[in-house]
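S.K.: Quick one: structure below, then a few questions.
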Amino acid sequence: MDVNQKELAAILGISDRRVRQLKNEFGLFSRNTADGKKTKNYCLEKCVPEYINYKLEAEVQQGTNYNKEKEQAEHEQIKKKISILKLRRLKRELHEADDVEEFLTDMLVSFKNRLLAIPHKVAPLVVGEDDINIILDILEKEVFQTLEALSEYDPLKIDKDKTSQLLEGVEDEDEDENE
């Protein structure tokens, strides 16, 4: 089916000017030939698929560029988050889950052992006492000393020597980025 430029533009949903622009810049929309001469009419069956292919290629190219920029932005965000986490580790605000689990296990085992040792430690002290208040004071003193061991938090005990390894890793990354 043959259509003129205005009809082609209306069918494709673009302006007459855009039809001319696409024809001149990208070689789209070849005209029909009659007796070896080009006519002013366009073959609709050829023009519609050409335009669809043109739009698809443009979308694919635009999508590729967009995705690349988006991926780079996401990568930079991830690097920023990693840097923040490393900084928090250096400041002793953040610890590895395995380190915390090991530290808590050691602390609770030590606490359990101290609790179990209280009767052996206190028994000789209260054996000759008849005053219940003195016995209670001795027991309270020992229980509070044992509980105080739970309140002692030292981030250096959790991290052990891993912070120095982290510092070395940060220095290696800085050297890689500077090269």
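S.K.: Using the Cβ atoms and a cut-off under 12 Å, what net charge is assigned to the surroundings of ASP137, where Lys and Arg are +1 and Asp and Glu are -1?
M.R.: Net of charged neighbours comes to -3.
S.K.: Check ASN41: other-chain or 5+ apart residues with amide H under 5 Å from its amide H, H built from backbone geometry?
M.R.: Amide H neighbours of ASN41: ASN32.
Bear in mind these aren't lab numbers, they're just calculated from the coordinates by the rules spelled out. Since this is a predicted model, take the numbers as computed values, not measurements. Backbone-built Cβ (ideal geometry, glycine too); neighbour counts: all protein chains shown.
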